[in-house]
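Inspection log for the structure reproduced underneath, given as structure tokens.
Nothing in this text is a laboratory measurement; each read-out follows from the coordinates by a stated rule. Only a predicted model underlies this, so the values are computations on that prediction, with no experimental measurement involved. All Cβ positions, even for glycine, are placed from backbone atoms using ideal geometry, and neighbour counts span all protein chains on display.
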Amino acid sequence: MIDKFSFGTITVDDQIYNNDIKIINGSVVPDWWRNSGHTVDVDDVHDILQAKPAILVIGKGDPGRMRVTDTLREYTENHGITLIVENTLAASKTFNRLWQEGRNVAGGFHVGC
């Protein structure tokens, strides 16, 4: 599904994106913006959470400056969603592996710092 990641660019199914993206139910939501820039909170992934994935993978950029709030961590834990937070290169590989296993996985990927 995710073909390639390099700083500033992520390629999904041969489509190149130069901004952050989300993947929900196998579909790309381009131009993902967060309320607080380099912080991911519940409101920033509301559409993902509405889809009720079993696993949420967050790619926090390269070298990984984006952070996930404690509020989001608590929300996912309380709703039985496994949260995986990694640098985007590792997160893209994790996402692909879980997708290929047929898991109910969604993701948000920061392509910058």
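For region 49-75, which positions are assigned to a loop (DSSP other than H, G, I, E, B) and hydroxyl-bearing (Ser, Thr, Tyr)?
THR69 - this is the single residue of region 49-75 that is assigned to a loop (DSSP other than H, G, I, E, B) and hydroxyl-bearing (Ser, Thr, Tyr).
For region 69-84, check the following and say yes or no: at least one residue is closer than 18 Å to GLY112 by Cα and surrounded by 14 or more Cβ atoms within 10 Å (Cβ to Cβ).
So far as region 69-84 goes, no, none of its residues is closer than 18 Å to GLY112 by Cα and surrounded by 14 or more Cβ atoms within 10 Å (Cβ to Cβ).
Select from region 85-113 the residues that are assigned to a helix (DSSP H, G or I) and among the hydrophobic types (A, V, I, L, M, F, W, C) and write down the one among them that is surrounded by the most Cβ atoms within 10 Å (Cβ to Cβ). Outline the logic, then answer.
Step one: filter region 85-113 for residues assigned to a helix (DSSP H, G or I), giving 88-100.
Of the ones still in play, those that are also among the hydrophobic types (A, V, I, L, M, F, W, C) are 89-91, 95, 98-99.
Numbers: LEU89: 19, ALA90: 17, ALA91: 25, PHE95: 27, LEU98: 21, TRP99: 19.
Checking each candidate, the answer is PHE95.
Looking only at region 20-48, count how many residues are closer than 19 Å to ASN96 by Cα and outside any strand (DSSP E or B).
5
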